[in-house]
1. Once you have the Cα-Cα distance between Arg165 and Ile150, take 0.36 nm times their residue separation minus that, and quote the gain in nm to one decimal.
2. Rank the residues Tyr67, Tyr135 as a footprinting-exposure proxy: fewest other Cβ atoms within 10 Å of their Cβ go first.
3. To the nearest 0.05, what FRET efficiency results for Thr88 and Asp50 with a Förster distance of 25 Å applied to their C-beta separation?
4. Assuming R0 = 35 Å, what is the FRET efficiency of Arg122 and Asp14, from their Cβ-Cβ distance, to the nearest 0.05?
5. In sequence order, what are the phi-derived ³J(HN,Hα) couplings for segment 162-167 according to the Karplus relation 6.51 cos²θ - 1.76 cosθ + 1.60 with θ = phi - 60°, rounded to whole Hz, with x for glycine and proline?
Amino acid sequence: MNSETAARAPAPPDGETVLADLYREHWLALVRLAVLLVGDREAAEDVVQDVFSRLHGKASGVLTLSYVRVSVLNASRSVLRRRGVAATKAASPGRANESVDSPETAALLGESRQEMLTALSRLPRRQREVLVLRYYLDLSDADIARATRIRQSTVRSTAARALDRLERELGGKA
């Protein structure tokens, strides 16, 4: 390759361009993923925005959709941990700690979808993550195992237990 053809070859995209493209193309899907994990749209939007803010300035080789998804998953876990700590501190006998969706959210989701989301939110964190990654993002067991850092066999057994529990909670409506 001579210097003339090297000068005409397009430069690889920089991290900012890759990040902007990921944001434009996948923001809504990432927010939906976070909603399924944290339970409300405002927190989900904050999670995704925080992830993109933290990724600002990273090298383009690091910035892949799967990397961003894992970052959203981890950030969602952090939100749930913080909520758990806050709920433990705020808990008093005789007061139930339930998350309440806004009327707008409830109206948009519809009754059956809301019922499914509520049942999903009652699942343990790992079960909820596995189901969301499998059925919402349509990831393979291998991809889920990499994202959650568990074995593929654990992914399969966790999904089976989660589906059984959802079926019991929804009374066969699923």
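1. Contour length minus Cα-Cα distance gives 3.4 nm.
2. Neighbour counts put them in this order, fewest first: Tyr135, Tyr67.
3. About 0.60, to the nearest 0.05.
4. The computed FRET efficiency comes out at 0.20.
5. Using θ = phi - 60°, the values come out as 5, 5, 4, 5, 4, 4 Hz.
Each reported figure results from applying straightforward, stated rules to the coordinates on display, with no laboratory input. These numbers come from a predicted model, not from an experiment. In this analysis, Cβ positions are derived from the backbone assuming ideal geometry, glycine residues included, and neighbour counts consider all displayed protein chains.
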